[in-house]
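Asker: Structure in structure tokens, see below.
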Amino acid sequence: MLRDIVSNELFTIFIMLGLVNVAITKLIAPHRFNDFVVIIGNSKYLKIYSRDQKFFDKFDALLFFNLILSTSIFILLLNKQLTGIVDYSLNQVLKLPIGIAVIILIKVFIERLIGSLFEIDKLIDQYLFQKITYKNYLGILLIPINAILLYSFTPSLIFIYSIIIFLLIINILGIIGTIKNHESLIKGNFFYFILYLCTLEIAPYIFLFKMSFSK
């Protein structure tokens, strides 16, 4: 059976769709978007908008869609550089963003369920809001990074690892910010919070990696 081989055109479409979603997000909520893009080193956004959380927030939903697309491109490009794979099958490219979205949404559902079970709903809600905020921020940062990896030059392993470290630092800053903002609340539920971090912040991504590149 012949396989459909994907070239950079599909990656370009993904990047453009991500840009469109970011542009729409800024259009529908310009003030909030301006607060969002300066979130590093500024807790104003988290303090203001965490109080108005909704089950479905179109601002976060649009940025989340870009996050899924941008993360999928980055993972495929990273795998391409590390393994030497030049092209991917269409099925492989399309199932990755679906897999990422499904796993993240299932994680959120489980996390909220755990919050209710251990009666730490407030802590988990605040943590989830800040976590998805920083992840959405990473999604925006990945747009120019993906464009560079696609069209500028062939990156070295050092350059790729530097990008990964940079993204991890941003993510860690988000976790540290959450802990600082809710230090007293976390201290009162320290055991449950550590248990949550160990079980739901590592294992799902290992599963996603294995699922994405299994034959």
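Throughout, read-outs are computed from the coordinates displayed, never taken from laboratory work. Owing to the predicted nature of the structure, the values given are computational and were not obtained by experimental measurement. Cβ sites come from the backbone with ideal geometry, for glycine too, and all protein chains shown count toward neighbours.
Asker: Working out 0.36 nm times the residue gap between LYS47 and LEU17, then minus their Cα-Cα distance, what length gain in nm do you get to one decimal? Write down the numbers at each step before the final one.
Answerer: Details: separation 30, 0.36 × 30 = 10.80 nm, distance 2.97 nm.
Using 0.36 nm per residue and subtracting the Cα-Cα distance, I get 7.8 nm.
Asker: Okay, moving on. Which net charge results when you count Lys and Arg as +1 and Asp and Glu as -1 among the other residues whose beta-carbon is under 12 Å from that of LEU63?
Answerer: Numbers: positive: LYS26, ARG32, LYS58, LYS135; negative: ASP57, ASP60.
Overall, the nearby charge balance is +2.
Asker: Moving on to the next point. Of LYS44/LYS122; LYS95/LYS135; LYS44/LYS95, which sit over 30 Å apart, Cα to Cα? All intermediate terms of the calculation are to be shown ahead of the outcome.
Answerer: Details: LYS44/LYS122 19 Å; LYS95/LYS135 20 Å; LYS44/LYS95 37 Å.
Pairs exceeding 30 Å: LYS44/LYS95.
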